[in-house]
1. From the list A91, A63, A114, which residue is in the same structural domain as D188 (by TED's automatic domain parsing) and under 30 Å from V216 (Cβ atoms)?
2. Note down all Cβ pairs under 6 Å where the first residue falls in the stretch 263-285 and is more than 30 Å from Q232 (Cα to Cα) and assigned by TED's automatic domain parsing to the domain that holds Q233, the second is among the hydrophobic types (A, V, I, L, M, F, W, C) and part of a loop (DSSP other than H, G, I, E, B), and they're at least six residues apart or on different chains.
3. Among the basic types (K, R) and modelled with pLDDT of 95 or more: does that describe R198?
4. Are there any pairs with C-beta distances below 7 angstrom linking a residue in the stretch 51-76 that is over 19 Å from L180 (Cβ atoms) and at pLDDT below 95 to a residue that is of a type in the set (A, V, I, L, M) and assigned to a strand (DSSP E or B), with the two at least 6 apart or on different chains, and if so which?
5. Give, as residue ranges, the strands (runs of 3 or more DSSP E) completely inside the stretch 203-311 that count at least 2 residues that are exposed (fewer than 14 other Cβ atoms within 10 Å of the Cβ).
6. Could you run through the stretch 204-254 and say how many residues are of a type in the set (D, E) and within 16 Å of T286 (Cβ to Cβ)?
7. If a residue must be of a type in the set (A, V, I, L, M, F, W, C) and touching an Asp or Glu at 6+ places or on another chain (Cβ under 7 Å), how many such residues does the stretch 259-311 contain?
Amino acid sequence: MSTKHLTACFGLVAAATAQSLSLSAPADITAAATYYSSTQTQTQASGPLPPSGSVFARTSPSAPTPSARLAWQTFADATELGFAGSLQCLADGAGPGFGAASVLPGQFLLELVAATPTPVTIVMQKTLQLTAGAPAPVLRVDVDDDGYFECTEFSPDGSTPRTLSPTPLRIRVVLSADVLAPAAVLADLQLRVLPDDRTTATFAVGGCDLATCTAVPTFAGDLAVTVSTAPQQLAIAVFGLGWQPVVLDPGTAMPCLLLPTIDHVQLAPSGTTLVLPIPPNARPLTFWTQAVVLSTPFRLGTTAGYTVSAW
């Protein structure tokens with residue numbers, strides 16, 4: 001990719017994506033909390049679900065009495081698709097045998113599609129906290145919805161490769177618990193669907209400013225760069241086909257090294273994603289990117305810098 005082409009193909013783009021994720025509940029989800037003879041419930045009916053929501057039941061709005069909550073959220077952009085679920089069943093405020101909390105069956109069905117065959121990696125991460133003697137919740141992921149669980153409450157975090165296509169990839173997620181007082185269960189599960197490694201960005205150098213810069217591949221194999229700064233700062237993204245370290249501010253405690261050669265620069269408004277298309281005929285390709293930050297009063301700083309490889 002020549003310097004001229006690097007300049008011509010770079011631009012601001014919206015976070016549109018050819019990938020999508022839909023969410024549904026295959027069965028009613030009921031959160032229930034019981035304190036002595038009082039029981040409160042809330043039910044989420046089966047069927048399509050909104051991108052975010054929750055079911056919550058509590059026997060009292062003030063006292064530390066049993067409660068049950070299941071919340072979920074999905075997200076999708078040009079760099080990742082995902083699902084996050086949070087489960088809480090608390091029955092430690094009731095006397096032994098006089099309180100209960102449950103979320104049942106707590107199942108979600110995700111369907112992922114892409115306009116064209118798109119290799120991805122599905123990353124499964126979870127956290128689990130239990131009081132002594134509390135039964136473990138059910139915390140499972142079934143990629144392909146074929147009855148085999150790639151992740152369970154007892155397994156380590158993991159990942160698995162797949163290819164998205166116009167035919168939906170179905171993933172069943174289970175987040176459920178049923179506890180009796182005194183007991184408490186807190187659990188979180190996150191599913192991240194990331195582009196496969198056609199393009200990678202590797203940390204190359206640290207920055208000397210509090211501003212941050214991220215460089216991540218998109219599902220299309222391009223590079224998305226996002227710089228976040230303080231309101232009074234101005235940031236410029238620098239892209240270079242080579243590297244030639246330059247010290248920008250010798251007086252700072254940390255070295256302010258600008259790593260890339262200055263082949264192309266682009267104003268980087270804080271929080272806005274810049275996308276650099278990397279066409280197939282430009283591969284294989286290696287280049288460097290970093291942001292320069294101008295603060296007030298006049299001072300130059302740098303963010304982290306990355307080496308980008310595309311093949």
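1. A114
2. Correct list of pairs: A282/M1; R283/W311; P284/W311; L285/M1.
3. no
4. A76/L21
5. 243-247
6. So the count comes out to 1.
7. Within the stretch 259-311, residues that are of a type in the set (A, V, I, L, M, F, W, C) and touching an Asp or Glu at 6+ places or on another chain (Cβ under 7 Å) number 5.
Residue by residue, here is whether (1) touching a residue at least 24 places away in the same chain (Cβ under 8 Å); (2) over 27 Å from the mean Cα position of the chain (by Cα) holds:
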position: Q232; (1), (2): yes, yes
position: V246; (1), (2): no, yes
position: C256; (1), (2): yes, yes
position: T302; (1), (2): yes, no
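The values are calculated or read from the model by the stated rules, or taken from the named source; none is laboratory data. Bear in mind the structure is a predicted one, so any value in this text is a computation, not a measurement. Backbone-built Cβ (ideal geometry, glycine too); neighbour counts: all protein chains shown.
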